[in-house]
Every structure is written in C-alpha cells, then in structure tokens.
C-alpha cells in the first residue's frame, strides 16, 4: 500500500521555531486540488437521506430548498437568488469537507483492493495427502492451505507447518520480507501477502470478506465508520442549539410584525443558517474521518473510532521495555579493569576478543572501543595466523588465539571456567566488579587473557540496556499531560528499577507474567483510569482485550491482532505515544471548531439584526458597529462569510489543530484564546471585508 | 453624600454581610443534608405522611416524590382559594375565579409567585398564611432538595442513590428555612414590618378621601418571601409597600435574605463534593455576573439624560424616594438574578436598558446566584455544557467533578437548556400573534412588547416579578403563564434528577494533570462566557425589539 507510507512531513512545517519536540503531531497532508476533485462527490451527497445524519446541515438543506422556491416565485429579486446560491454553496461546502476526507481513504482502499486479487487457494484435504485448487473466496475457517514460493496467501491464518519469508508490503508498505513460521509468536499470516521463498501450510482463521485486508479497506474507505460516543454527544448539543435558534428565528416573525417590520422568509432563513452552528456541523464528520486517516498514515489501523477517542483519555500507558523504552539489545557501556591492568589494555583485549562475535552485544564492544578509546576496528583478515573463536550460544564466549596469546570475552561463568582450565586464578576484584554491575541492573562480561604471564582476568565489560534517545523527555511530556507510564519487563526487579530510573518512567512491573499484566490493567481500570498497551504474543491477547486501547503489533499472532482494537503495521511499540497524541488532537480539533463556530454568532447578530430592524427602530443602527453598507449587503455578507469559513477551515479540520503535549490548563488557555476570542473577532473582520467588496457592485452598496 | 456613593456603600455592606454568613451557613446546610439523625418533630412528620426517611431513593423515586408532593400542593392551594368565600378569617373576600386560582396555585407551588391578583383586595388571612406562606416554605425546600440530589449525583459513585426526598424536604423546612425565617421575621418586625391579624381599616388620606388598609401576618410572610426566593408580596405593591419594607435598612436586609441561601449553597456544594475550591469557582461565576449586572444597572439608572433625570439625580420614576436609585437597582438585579420576583420599584419604569437588564437576568436562567436550589442546579447544568466544549479543547472526552459527560449526560443537559427558551419564546410569539392578548398592554411600541416578553420570561423562569403595565388577570394570561410556570419549574427538575441518577451510577475518573481544572479562574471565566453567549444568542432578537430598541432610541 504505497499511499499508506508514513507521512511525517507536516511536523516540520508546524514546529519551525518552536521548542524541540513541539507540535510533534503534525497533521495529514492537505492538497487544495482535493477540493476540486471531490466536488462531484459533494454534490452527490445532497441526497436528503444522507444529509439527515447531520441535523445542522439538514436544516441548511431545507432552508436552501425553501429559498429556492421563493426565489423562483419572484425571479426578479436578485437578493433572493444571491442568498439561495450561497445557501446551496454552504451545503455543498459541508459535503465537500466530508468528501475530501473520504477521498483520501478511497485512494488507499483502491491500492489495497489490487492486493486482494482473487487468489487461488490450494486447499489440503482432511488427511493432508491431496490438494485441490479452489477460489480464495470459498475458504472456510479451519481449512488448511499450502503456499509456496510466489503464491499469494489466500486468507488470514496461522502457519501450522514450515517456515517462509513473506512480502507483506501490500499491507505495511515495508518492502523488506519478514519470516513467518509455525508455532511461537510469528505464525500469523495475512491474506493478500506473498510468499517469497519456501513452503508453508496455513490454517485459515478468518472467513472470506472479514479478513484483515477487507477490514482495512472498509476502515480507510469509511464505509464501516460509525459515530463515536463523543461525536454523538457533540451532535446532540449541536442539535439542541439548532432547535434553540430555530425557536428564536421562528418566533421572531410575530415580534417583527408587531414592530411593523415583517421579514421576508428569505431573510429569516438567512438569519437561521447564520446562527445555527454550521461550521462545526459541516466539519464534524470530516474531523472524525481525518483523525482515523492520520492514524492510517502512521500505519496504525484503528478497528473503531471509539478506540481513537479512548486514546485521548488514556491515563496509564503500559510500555514493554524492550523495543519501546530500550533499544532491542544490550550494549557495552564501559570497560572496568581489575587492579594492575589499564583501561586501554582492557579495551584492546575486549575489542580483539569481540571481533569474532557477530551478536549485537559483541558489535557494541567493538564500537565502544573505537568511540571511547580510539581503537581502530581491526578485521579478522588483518591478523595472520589468528585462530578465531566465534561466539555461540553454547560456549557463550568469543575470542582469538594469536601470537601465542589467547584472549577471551564472554559470560562471567564461562570465562571463569576457561581461566581456571588454563591454570589461572580469578581475583576477587573481578568478582566484585561483576557483582556491582549486576546490582546496577547491567550484565557483566569478563575479559580474560592467557599469555606469558599466565591466565588471568583483565577486567569487566559493562553491558547495559540502552534507553532510546529522547525517552526521558517524552515521559516528562506525558507526565505533564497527566499520563502515567508503567514499564513492563521480564527482568528482575533490580534490573528493572535501574532502567526505570534511567528512562524516567513513573512505575515498573518486573518479572511480569501475562497474569500480572492483566491484574495491573484491572487495578488501574478499577480506579477509573483508561489503560493503553501494546502486545504481540498470544499470551498478550487477554490483556490487549482488557485494555481500553490495545495496540497489537502486525508481526504478532492473529490472536493478539484479534484482541486489540488497533494494529500497528510497523510493529513499533513506541507509536503508542503517538496514538495517544492523535486521539487528543482529534478531540481538541472538535472542541476548537465548536468554540469557534458558536463564538462566530455574535458578529452575525451585529450584522443582521440592525439590517432587519433599523428601519422601524433607527436606534438599532447603533448595533451596526461594522458600518455595513446596506441591509441587503449586511445579510448577504454574513451568509457568504458563513459559507466561506467552512472551506477556509477544511484544511484545519483535516490536518487537525496543532497539538503540543502540555498541561490541560495551558492547552485550554491557548485554544480558548485562539478559537474562542479568535472566533469572536474573525467574523467581524471577515464580514466587513466581504461587505466592502459587495458594496463595490452597483446596486448593492 | 451623593446617592451614587450611598448605593455603592450599600452594595459593599451587602457583600460584607453575605461573606460573613457564607461559611457558617454553607457548612451548616452541608451537615443538614449529610446527617443521619432525625429530630423528634421531623419523626412526627414522617409518621404523619407515612414516609421512611432512611430509604435511599433512585432518581425515578426521588422524582415521583417531587411531582406527587407538588401536585398535591397545587390541588390544595387551588381548593383553598376556591373555597375562600365560605371560610372564616377571610376578611369577607369572595372565592377566587378558577383561572386565577389555577394561576396562583401553580405560581406558588412553582416557587414563582407571579401574582395576577391584588393581595390586599383578594386574599384573606387563611389563604395568605395557611396557603401561600406554607408554599413559600415548601416550594423553596423542594428546590434545595433537587439541588442537593444533583450534588449527591456528583459526590456519590456507583450507587444510583440520591438520598431521600421526604427527608430532604422536611429538613430543608425544619432545620434551615424555619430557623432563619424566625430570626429574619424578628429583625423585620424590629424595622417596623407589621405582624397581626387585624381587619380592614378605613384611613383618611392627606389629600382628602379615604383608603382601606388591612393588617396581616406580613413579617412572617415577608421573610420567607425573600429567603425562599419566592417573591409573592402580601400587598400588591410588594416590597415597595411601607408595611412590607419600611426603611432603607429593612430594604438592604431583604436583599440580603434573597441572596443568602443561593450563594451559601455553593459552599454546601463544595463541601459535599469534597472540594471547596469547586464551590468557590461556582461562587465566583455567580458573583461576577451578579456584580456586573448590578454595576450596569446602577450605571444606566444614574446616567439617564434629560431634565427630569437631572433633577432627580437619575431615573427616579417608579422608585421609592426612601430607597433611591442605588438601593432600587441592587434590589431589582438581586430579585431577577434569583427566582425571587419581589420588587421594591417598578421595573417597567426603569430605563430601556435597565428593563433589559432585569429581563436578561431572568433569561440567563436565574443562576447568579439564582433561586434557592434552582440557582445551583441551573448553574451546574451550564457548568456541564461549558465543560463539554472546553473539555474537548484539552484533548479528553469531557468530565466534571470526576464524572464523564457522555451522550446521556449531554442529552439531559441539552433538554434542560431548551425548556425555558422554548416556553418564553413560543408563548410570547403566540401572545403577539393572537388578536386579544395584546389588549392587555398598557403601552404601545417596543415597551408594550417588553411587557409581554417580561411576563413570560418571568413565568417560565419562575421569577414572578411583573413589568407592570400588563393586565395579566385575563383567562389567556392566567392559563398560559400558569402552564409556563409549572412546565418551567418541573420539566427541568425531571432532567436534573435524571442527570443526577446517571452521574451517581458512574465510577469516578481520577484527576490528572491532563484533566480540565474546573476550580480555576480560567474556568470560571469560561463559564461566564458560555452563559452569556448561549443565553445572549437565544434572546438577542427578542431583546433587540424590546428593551434594546427602547434604550437605543434615546
């Protein structure tokens, strides 16, 4: 799915000049041309059966129809036609916002559909001896199918036999193949992906039409989109405001008649449309779709909008240590020589003995020697007559025999045995150093040598978990946002605490079993907290299901993917933090535009009320503080502003308002200033400008 | 001393007195509604009405109590008025007509005290003291009970239980209103308010001719009229009448009584939800609106232009010279920002803007500080609406006092804010559209429209004050205002109690740094803004054609 590659570009343009890390959640991309290409869809959405889902815009639609009828009845009334035209535009602009948001999903869905060509399944018979070719769409749960090099996997399932490399780029956008094998946590395969080598037998776990790729298509297309709880609640509030304004306008006519200023139906409809919260009503569903879309762009699939909303409310994050907080592997951090040995000697021996160790830990020793002690990396071929001893899981040691000198590096136990075997003694100093490292949560590796002076330990390499760059700052940010982070690890409490302290998480769960995780989630939830976590293994499934936001890694088992309410196609657990931020950004965008929309009304009253009644009560012209040219131009300007502001805010609705992790107080102050006060002031300026422009047209000013 | 300074000093004295009473009374009321003990007289009442005060009620049961009690009250009061002619102690007054009896019964049970009758010419001692004064106590206690039920909705979790209506009702009367009323009545009597059961006296006038005055248990009714934010005067002239409100001090004291309980309830609220700061935020919101309205009112009444204004030092028409502009303005704002509706001056005679301020005060929903109980629950509903919009802006689904504001909560809050605007606007529009109701207007033009707009605003919001000028004793006004008063009182209560029920079933959400702080000045400011904008937008067109047109014409 090439279109679904992560687009992180906007973060740069929004955060320029801000503090580092500010505005990290940029928005999705918005291309003004989308407004044009989506126009036909917007017109198609004028179907009343579609419009009725948004009560606010439905009222505008009815208003448009009424003014059209009235304009037809009096075809010479330019004002009626102008209002009618702009009311229709208001409705279409609202549909346009939604169409643009959906349009982006459609493009992604098309790409996905291509991957989901009608594959042919090679189904194994019950006894596993014969196979038949059937269309993939006829597969049932429990069927076993065979896939070989070049085959497209016909449906979602688990590998029950064999191991294969699979190209999952159709789903993840990642071109490097992944290994899928029977048993363990890497057994899940997804329909539509391609086997690159070897042969596997797959047990189908999903019905055709409900596979992962099908659900993905539905999701990005918005076909399965249901209103989220908060969206429903907001819709109710908007509907009730619409009713209030409907009452205010409908009852206005008798008052106006009494005052001797009976209003035309067209003016009343114009007033109503200006007052009801059309801005937010028009953009509400686009905001929701765009929020899901922002997740898709980060290669996260949310199975429900509810989960995205819940992400904004999360107050506890459970983060797996490995891969999320620390780099996947331990790395050498320092060399500690025993008395009588210099650091440089030790570094030299450590490097030499690690050259034959291709594990990440071994490489890190070479890197440390180079970076800290300036030791050029030597290559195995450089040393003549050297006998290399490669690291294996059995010996747990690596080293080299060269020039009558034997150097070894490895796990403490193995090296001690080796030294003793060579007739050497292990001093107490080495043991103390090793203990100290263990207590600090690290792993000691011993370096020993056997030369003319006999066998002896030179010193200890301190291997430790390396916390990813910037994690402490991120956790500080999360804390300011009111989110508690809990590190989950299988390490012993000592090691866990050391890493937790270094990373700056609030709490940790050491020697964690799936049951412990589950208990922790339930405990947090009992206190009213919402919990988010990531997981990939089958044993994570219950916890993923229990968590309010459960993000399953795409590399994980199908049980895990089934249990979570989001799937991260990149399988990057750190993304959980971004998911939370996207959830918050979605809610903030909704709130900001609602505030803006309501605040807008004040200016519209100041434009329309004097225009309607200054004839009978000249004093009311005092309220015309914008000094609008004429009653007609005042009302028309308000209606035009009301329509144009929707288009003007489409990019904001799609990208989401800028979000920076900070305390609720500061966020409220900022957004209230920007969208509350801004919403009060902006229309005064906008309406005045439109009026200035209109007054240039002969016959209006 | 100029009258401006006098008015300002009176306002400061009032704030000082309210501040002194705030803590002890607020804490006392919190204890009253949290206590497990029952006093002997209370137990007698429970036995008499067959209620078990220990039973915890879910919201439907609580609501049934409220509605049943109020329905019985309406019937009783209606019957009492209809039978007045045949009862002793009625000063010879005849029975009240059905439409007016309905209107008056609805009015006093709904804590409105809209009066389409002249007290001293229609109601005898039995109806006044045995019917109307009793309702002044119990209708106020019902209001506080519903507010307390909502507060329990926030304070309690996962129970669904809101307390016991009968216990709350009886305690409100016995432990709060009665003791305060006794003290207040003594102060009023000391000021010169009458308290007797004298008959009708014929007295001579300075200008010649005679006038009929009757006595009555005025002080005891006056005190609860203010304390319970009822507002129904013993005499038609209400608190402008020297028997009800003889001196500038009694005037200030009556304003104090009006504001006493509504403000103190914010402390009760803070106590009961376990965070006094939350109570202060609500208090601050109420206080800002109240002071701003009072300041605006004084400004517009003192700033009147023209020769008559200049001679009198401001808009003195319709105001008592013993109170002056300052004290009249303070009274007018206090009575319309609460659901009291007592008047010591004629709102109809205020400047155009001044009349608009009294109307807008009621249209805000009477929440600053509002009626006893109803002010608090009305303000909490607005707090929920404000939290809903602002809460989104901090990136969380909204919550208030640890309770999620979800679909159900917002639906009930939205219904609540729909009720009174719907009643006010629809009835006013009907009255303007129909041929006959407009005959009741004394004035024409914008002022005539204001009379009718004011009447329905006052009725639907349960205020009860009149703009004067409007002859409301017609079948149309008696019936429609009666209906507006009942619906305006009890429909919102249905939504408030349902909301309380929904809140109390929730489990609380713990507060974190990501939670919107609702106990900060920023939030109080936001709440003021929400209230002013939402109400302002609702009524702006109507106000533009009434008081604004009038005020801007000058």
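The values are calculated or read from the model by the stated rules, or taken from the named source; none is laboratory data. Predicted, not measured: the structure shown is a model, and the values here were computed from it. All Cβ positions, glycine included, derive from the backbone under ideal geometry; neighbour counts span all protein chains shown.
Descriptive notes on the structure:
- Filtered residues of the range B:49-64 (kept if surrounded by fewer than 18 Cβ atoms within 10 Å (Cβ to Cβ), outside any loop (DSSP other than H, G, I, E, B) and modelled with pLDDT of 95 or more): B:60, B:61, B:64
- The residue list A:580, A:531, A:567 contains one member that is at pLDDT below 90, within 14 Å of chain B (Cβ to nearest Cβ) and surrounded by 24 or more Cβ atoms within 10 Å (Cβ to Cβ), which is A:580.
- Checklist (1) under 30 Å from residue B:31 (Cβ atoms); (2) crowded, with 24+ Cβ neighbours inside 10 Å; (3) over 18 Å from the mean Cα position of the chain (by Cα) applied to residue B:216, failing item: (1)
- Listed by position, the helices (runs of 4 or more DSSP H) contained in the range B:473-554 that have at least 2 residues being over 26 Å from the mean Cα position of the chain (by Cα) and facing chain A (nearest Cβ under 10 Å) are B:549-553.
- Only residues that are farther than 23 Å from residue B:259 by Cα and under 19 Å from the mean Cα position of the chain (by Cα) were counted in the range B:140-186, giving 0.
- From the list A:649, A:677, A:694, the lone residue that is in a helix (DSSP H, G or I), surrounded by fewer than 24 Cβ atoms within 10 Å (Cβ to Cβ), in contact (Cβ under 8 Å) with a residue 24 or more places away in the chain and within 14 Å of chain B (Cβ to nearest Cβ) is A:677.
- Residue match in the range A:435-448 (condition: at pLDDT 85 or above, buried (at least 19 other Cβ atoms within 10 Å of the Cβ) and closer than 30 Å to residue A:583 by Cα): no
- For the range A:306-323, the criterion of being over 30 Å from residue A:527 (Cα atoms) and touching a strand residue (DSSP E or B) at 6+ places or on another chain (Cβ under 6 Å) is satisfied by no residue at all.
- For the range A:274-289, the count of residues that are touching a residue at least 60 places away in the same chain (Cβ under 8 Å) and under 14 Å from the mean Cα position of the chain (by Cα) is nonzero.
- Members of the range B:396-406 that are facing chain A (nearest Cβ under 7 Å), buried (at least 20 other Cβ atoms within 10 Å of the Cβ) and either outside any loop (DSSP other than H, G, I, E, B) or free of Cβ contacts under 8 Å to residues at least 12 places away in the same chain (or both): B:397
- Some residue of the range A:312-324 being at pLDDT below 85, within 30 Å of residue A:433 (Cα to Cα) and under 17 Å from the mean Cα position of the chain (by Cα): yes
- Looking only at residues of the range A:467-482 that are more than 14 Å from every other protein chain (Cβ to nearest Cβ) and part of a loop (DSSP other than H, G, I, E, B), we find that the one that is surrounded by the most Cβ atoms within 10 Å (Cβ to Cβ) is A:468.
- For the range A:493-506, the criterion of being crowded, with 21+ Cβ neighbours inside 10 Å, within 14 Å of chain B (Cβ to nearest Cβ), at pLDDT 85 or above and under 30 Å from residue A:665 (Cβ atoms) is met by none of the residues.
- Within the range B:433-451, the residues that satisfy the criterion of being crowded, with 23+ Cβ neighbours inside 10 Å and facing chain A (nearest Cβ under 7 Å) are B:446, B:449.
- Here is the figure for the range A:654-665: residues that are crowded, with 22+ Cβ neighbours inside 10 Å and within 14 Å of another protein chain (Cβ to nearest Cβ) total 6.
- Applying the criterion of at least 1 residues that are modelled with pLDDT under 90 to the helices (runs of 4 or more DSSP H) found wholly in the range B:108-205 leaves B:119-122.
- Note on the range A:599-608: among residues that are over 12 Å from residue A:674 (Cα atoms) and surrounded by fewer than 24 Cβ atoms within 10 Å (Cβ to Cβ), the one that is farthest from the other protein chains (Cβ to nearest Cβ) is A:606.
- Here residue A:172 meets each of (1) within 30 Å of residue B:537 (Cβ to Cβ); (2) outside the structural domain of residue A:611 (by the TED database) with one exception, condition (1).
- Scanning the range A:554-576 for residues that are in contact with a strand residue (DSSP E or B) (Cβ under 6 Å, 6 or more places away or on another chain) and not in a helix (DSSP H, G or I) returns A:554, A:557, A:564, A:565, A:566, A:567, A:568, A:571, A:573.
- Test: residue in the range B:419-429 that is within 8 Å of chain A (Cβ to nearest Cβ), over 30 Å from residue B:153 (Cα atoms), over 21 Å from the mean Cα position of the chain (by Cα) and in a helix (DSSP H, G or I): yes
- The set of residues from the range A:609-634 being closer than 28 Å to residue A:281 by Cβ and more than 9 Å from chain B (Cβ to nearest Cβ) comprises A:611, A:624, A:625, A:626, A:628, A:631, A:632, A:633, A:634.
- Looking across the range A:344-367 at every residue that is over 37 Å from the mean Cα position of the chain (by Cα) and in contact (Cβ under 8 Å) with a residue 60 or more places away in the chain, the one that is surrounded by the fewest Cβ atoms within 10 Å (Cβ to Cβ) is identified as A:345.
- All of A:668, A:672 fail the test of being within 11 Å of another protein chain (Cβ to nearest Cβ), free of Cβ contacts under 8 Å to residues at least 24 places away in the same chain, under 24 Å from residue B:530 (Cα atoms) and crowded, with 18+ Cβ neighbours inside 10 Å, apart from A:668.
- Taking the numbered list (1) surrounded by 12 or more Cβ atoms within 10 Å (Cβ to Cβ); (2) within 25 Å of the chain's Cα centre (by Cα); (3) modelled with pLDDT of 50 or more in turn, residue A:65 passes all entries but (2).
- In this structure, residue A:159 does satisfy being farther than 26 Å from residue A:284 by Cβ and within 33 Å of the chain's Cα centre (by Cα).
- Checklist (1) within 17 Å of the chain's Cα centre (by Cα); (2) surrounded by fewer than 18 Cβ atoms within 10 Å (Cβ to Cβ) applied to residue A:519, failing item: (1)
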